[in-house]
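Participant: Right, I'll just put the structure down here and ask away after.
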Amino acid sequence: MSNNIESILTETRVFEPSAAIKQQAGINADKLAAMYAKAEQDHVGFWADLAKEKLSWHKPFTQALDDSKAPLYRWFSDGELNVSYNCIDRHLDTKSDKLAIIFEGDKGDVHHYTYQELHDEVCRFANTLKTQGIKQGDRVIIYMPMIPQAVIAMQACARVGAIHSVVFGGFSAEALKDRVENAAAKMIITTDGGLRGGKAIPLKGAVDQALAKGCDSVKKVIVYQRTKQDVPMQAGRDIWWHEAEAGMSNYHDPVMLPADHPLFLLYTSGSTGTPKGVQHGSGGYLLNAMLTNEWMFDLNDQDVFWCTADVGWITGHSYVAYGPLAMGATIVMFEGVPTYPDAGRFWQVCQDHGVTVFYTAPTAIRALMKFGKDIPAQYDLSKLRILGTVGEPINPEAWMWYHEVIGRGECPIIDTWWQTETGAHMIAPFPGVTPLKPGSCTRPLPGIDAIVVDEEGNEIGNNSGGYLVVRKPWPSMLQTVWGDDQRYIDTYYAKFNNKYYVVGDSAHKDADGYIWILGRIDDVLNVSGHRLGTMEIESALVAHPKVAEAAVVGKPHDVKGESVFAFVVLNTDLPAGAERDAMVNELRNWVAQEIGPIAKPDDIRFGTNLPKTRSGKIMRRLLRTIAKGEEITQDTSTLEDPSILKQLQQA
Ligand code: WT7
């Protein structure tokens, strides 16, 4: 057990909502009880009523859930709407001058967009997409830094019915190429570069590298000028955003689409080698993305909401680009990093823009905690009223620091459990109602039938643990894995005979029925809240000409949650001394180049073999023990060559 799990399972503190938040919150205890009762009584009707109430429909749906091809579910399919219309146009009558986006760049440059301005930008870019040959259903890759143009590009795709796939700017050319090819994308939207911590990051360069190696489906590359660094432009293929957009109209009639039309693909790691394209629909996705901004963050017209996630992750989709805009809220977008120019940057941004609701990851909190409480104390954080967290279990120490030092002991900590596949929050507290326990994401939301089951699939009682699963479908669930329905079924439904959506996490239910997430049950690592498949990193390593075999495990890390630990067998002699250090460096850079810097192993150990059973299965639990530097107490009698353990421990 990791230290974190131990401290989570011995946590007993309970924090009731303050009188102030109880009074202010839009959802109070009575409303919440009524929602649970309604959802319990009529699951599909509960979601159907909310969809009618919260979204603007061009054509109303007549059937809320189509389960004729279960477990491939479709929501609101015969209704028609446009997601961008719901995020922008419908607010213009009453909120055209309200700020939609407050942007702060890495260097401190600030730019504001009202809803009217956002509308005009999105329309101009939607017209540009059409002019450049993009049609409904085409896939468009967005490979951009955290700047408003990324959201504008996403919204413009939604407007014309193109399916976007945002690829995180930190991914390498190789990872970009895999995603472009899997999606058979027709266009890439990128920038010359991005700014992070004072450094210019080349993005167009990676696009060129990816295109040089394949990606034949790509016909056009649109390049937004951000850093003004020199980039080569290939005639006929590459075009500057500002040139493509010249003369485009501020008006674009959004295409009304079936509610189950795919809105986007987002590639995420699983337990097999290649990342899968998680496909999300339109109406169902937007409903939950919007509602959870209302329920968990209580967003209202006075709020300034800052979610620090990059748009390259699902959090940046549901809590930056779509959900809060569907609510008509004001969001902050920030291009930089939390520690540049110093560790006060997040708190400076909160102060300068009057942030009221702040949403970040435990890894960021732990990193900033290390700099001490004097740094946040230099900033006026008095406007903050709700603090959120996502990405991994938050350790009670970080929870308390967040609550006391950042939240003055007054702001509730909203620990939101969800996944790329779920589209929106699934298990989380309501700020004005739910008593909080540091480290627990509390209870499933109304209409989310998440339960914990044992190996046989039977629901377990309180005070025990098992697999977290979801019984009934919900509107923002993934539609499928892009182009591979069978992989969708195998990955998410096969384990319990298509009865449950299997999350891949294990969880503990305490005496009050509160859920405590313990971590992944599959070969997936969670490094700084980012999902990495061990197989994915292993494939990258064995692609190196000197590597014969590799096994990757996670090692508990006090800031990142987990770090990547690789065991490698070379097809040369066991390296030693300076030669070994050089090989370690070479392999770390190799992985960064194959996947991206986030996948770089922190540790690499060389051996002449890996610990395998006689049937050839690598015993990863032994590798995990070695990675932690702990004594091996497990049974090693089935090992083919037990002496290998000593070698790996000493290396
Ligand atoms: C996995 C999903 C959802 C956006 C960020 C990550 C872990 C996520 C929590 C939380 C404990 C959490 C789970 C989950 N996770 N949020 N509040 N408490 N664990 O999205 O890359 O799809 O990863 O992140 O293990 O399965 P993702």
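Derivation of every value follows stated rules applied to the coordinates shown; laboratory data play no part. Source: prediction; values computed, not measured. Cβ sites come from the backbone with ideal geometry, for glycine too, and all protein chains shown count toward neighbours.
Participant: Relative contact order of segment 524-650: what whole-number percent is it, with Cα pairs under 8 angstrom and at least 6 residues apart? Mind showing how you got there, number by number?
Facilitator: Working: 197 pairs, mean separation 28.3, N = 127.
It comes to 22 percent, rounded to a whole number.
Participant: Over all Cα pairs of segment 403-453, how is the pair count split among 10 Å bins, expressed in % and running from 0 up to the last occupied bin?
Facilitator: Reading the bins upward from 0: 24, 50, 21, 5.
Participant: Based on the alpha carbons, how large is the Rg to Rh ratio for segment 422-522 when Rh follows Kirkwood?
Facilitator: Details: Rg = 13.9 Å, Rh = 14.3 Å.
Radius of gyration relative to Kirkwood radius: 0.98.
Participant: Taking amide H positions as placed in the peptide plane 1.01 Å from N, state which residues far from Thr389 in sequence (5 or more) or on other chains have amide H under 5 Å from it.
Facilitator: Residues meeting the criterion, in which the H sits 1.01 Å from N, are Thr360, Ile414, Asp415, Thr416.
Participant: Could you tell me, in Å, what Rg and Dmax come out for the Cα atoms of segment 129-276?
Facilitator: Taking only Cα atoms of segment 129-276, I get Rg and Dmax of 14.9, 48 Å.
Participant: Here's another thing I want to ask about it. At a temperature of 10 °C and a viscosity of 1.306 mPa s, determine how fast segment 524-650 diffuses translationally according to Stokes-Einstein, using the Kirkwood radius over alpha-carbon pairs as Rh; express D in µm²/s, rounded to the nearest whole number. Mind dumping the intermediate values first?
Facilitator: Numbers: Rh = 14.8 Å.
Answer, rounded: 107 µm²/s.
Participant: Let me check the size of segment 345-453 from its C-alpha atoms; what are the radius of gyration and Dmax in Å?
Facilitator: 14.2, 47
Participant: For Asp505, enumerate residues with amide H under 5 Å from its amide H, sequence gap 5+ or separate chain, H modeled in the peptide plane.
Facilitator: Leu468, Ile521
Participant: Please list 421-428, 588-595 highest first by mean number of surrounding beta-carbon atoms within 10 Å per residue. Don't skip to the answer; put the middle values down first.
Facilitator: Working: 421-428: 27.4, 588-595: 19.0.
Final packing ranking: 421-428, 588-595.
Participant: Here is a follow-up. Determine ³J(HN,Hα), in whole Hz, for all residues of segment 26-32 in sequence, where each value follows from phi through the Karplus function 6.51 cos²θ - 1.76 cosθ + 1.60 and θ = phi - 60°; x replaces Gly and Pro.
Facilitator: x, 9, 9, 4, 5, 4, 5
Participant: Moving on. Let me understand segment 321-373 better: what is its radius of gyration from the alpha carbons, and its Dmax, in angstrom?
Facilitator: 12.5, 37
Participant: Something else about it: Mind listing the long-range amide H neighbours of Lys219? Cut-off is under 5 Å, sequence gap 5 or more, other chains count too, H placed in the peptide plane at 1.01 Å from N.
Facilitator: HN-HN under 5 Å from Lys219: Met187.
Participant: Then there's this: Highest first, please rank the peptides 153-161, 30-38, 467-475 by the mean number of other Cβ atoms sitting within 10 Å of their residues. Walk me through the numbers on the way to the answer.
Facilitator: On the way: 153-161: 27.6, 30-38: 14.2, 467-475: 22.1.
The densest-packed peptide leads the list: 153-161, 467-475, 30-38.
Participant: Treat each spin label as a single point 7 Å out from the Cα along the C-beta direction, and report the Thr131 to Ile489 distance in nm.
Facilitator: 4.6
Participant: If I model a spin label at Glu586 and Asp352 as a point 7 Å from the Cα along the Cα→Cβ vector, what separation in nanometres do I get?
Facilitator: Those two pseudo-labels are separated by 4.5 nm.
Participant: Distance from a point 7 Å along Cα→Cβ of Ala70 to each backbone N in segment 481-504: keep the residues under 15 Å and list them by number.
Facilitator: Once the point is set 7 Å along Cα→Cβ of Ala70, 493-494, 496-502 turn out to lie under 15 Å by backbone N, inside segment 481-504.
Participant: A follow-up question, please. Estimate the FRET efficiency between Glu410 and Leu574 by the formula 1/(1 + (r/R0)^6), using the beta-carbon distance for r and 45 Å for R0, to the nearest 0.05.
Facilitator: On the way: r = 57 Å, r/R0 = 1.27.
So, using R0 = 45 Å, E works out to roughly 0.20.
Participant: Need the full-extension length gain, Lys628 to Lys370, defined as separation in residues times 0.36 nm minus the C-alpha distance. One decimal, nm. Don't jump to the answer; show the numbers that get you there.
Facilitator: Numbers: separation 258, 0.36 × 258 = 92.88 nm, distance 2.20 nm.
Value of the extension gain: 90.7 nm.
Participant: For the chain, calculate the relative contact order in percent as a whole number, restricting contacts to Cα pairs under 8 Å that are 6 or more residues apart. Kindly include the intermediate steps, with their values, before the conclusion.
Facilitator: Details: 1416 pairs, mean separation 86.7, N = 651.
In percent, rounded to a whole number, it is 13.
Participant: Please give me the summed charge of the neighbours of Arg159: other residues whose Cβ is under 15 Å from its Cβ, Lys and Arg +1, Asp and Glu -1. Let's see the in-between values first.
Facilitator: On the way: positive: Arg90, Arg124, Lys130, Lys135; negative: Glu80, Asp89, Asp120, Glu121, Asp138, Glu245, Asp253.
Surrounding charge for Arg159 is -3.
Participant: First measure r as the distance between the Cβ atoms of Lys228 and Met256, then evaluate 1/(1 + (r/R0)^6) with R0 = 41 Å and state the FRET efficiency to the nearest 0.05.
Facilitator: E between Lys228 and Met256, to the nearest 0.05, is 0.60.
Participant: For the chain, what does the equivalent ellipsoid look like in terms of its semi-axes, each the square root of 5 times an eigenvalue of the Cα gyration tensor, given largest first in whole Å? Mind showing how you got there, number by number?
Facilitator: Values: eigenvalues 266, 194, 131 Å².
Those come to 36, 31, 26 Å.
Participant: Nearest 500 deg cm²/dmol is fine: what mean residue ellipticity at 222 nm does the chain get from its DSSP H runs of n ≥ 4 alone, each adding -39,500 (n - 2.57), divided by its residue count? If you can, show how the numbers build up before the last one.
Facilitator: Details: 22 runs with 197 residues, N = 651.
That calculation yields -8500 deg cm²/dmol at 222 nm.
Participant: Shifting gears a bit: So for the chain: antiparallel DSSP bridges make up what percent, rounded to the nearest 5?
Facilitator: Details: 58 of 97 bridges.
Antiparallel bridges: around 60 percent, rounded to the nearest 5.
Participant: Would you mind checking the pairs Lys31/Lys437; Lys69/Lys499; Lys186/Lys213; Lys69/Lys472; Lys31/Lys69 and listing those with alpha carbons more than 24 angstrom apart?
Facilitator: On the way: Lys31/Lys437 22 Å; Lys69/Lys499 13 Å; Lys186/Lys213 16 Å; Lys69/Lys472 14 Å; Lys31/Lys69 34 Å.
Listed pairs above 24 Å: Lys31/Lys69.
Participant: Please work out the Cα center distance from segment 207-279 to segment 69-105, rounded to the nearest Å.
Facilitator: Centre-to-centre distance over Cα atoms comes out at 20 Å.
Participant: Here is a further query. Rank by packing, highest mean first: peptides 309-316, 603-610, with packing defined as the count of other Cβ atoms within 10 Å averaged across residues. All intermediate terms of the calculation are to be shown ahead of the outcome.
Facilitator: On the way: 309-316: 22.9, 603-610: 19.1.
Peptide ranking by packing, descending: 309-316, 603-610.
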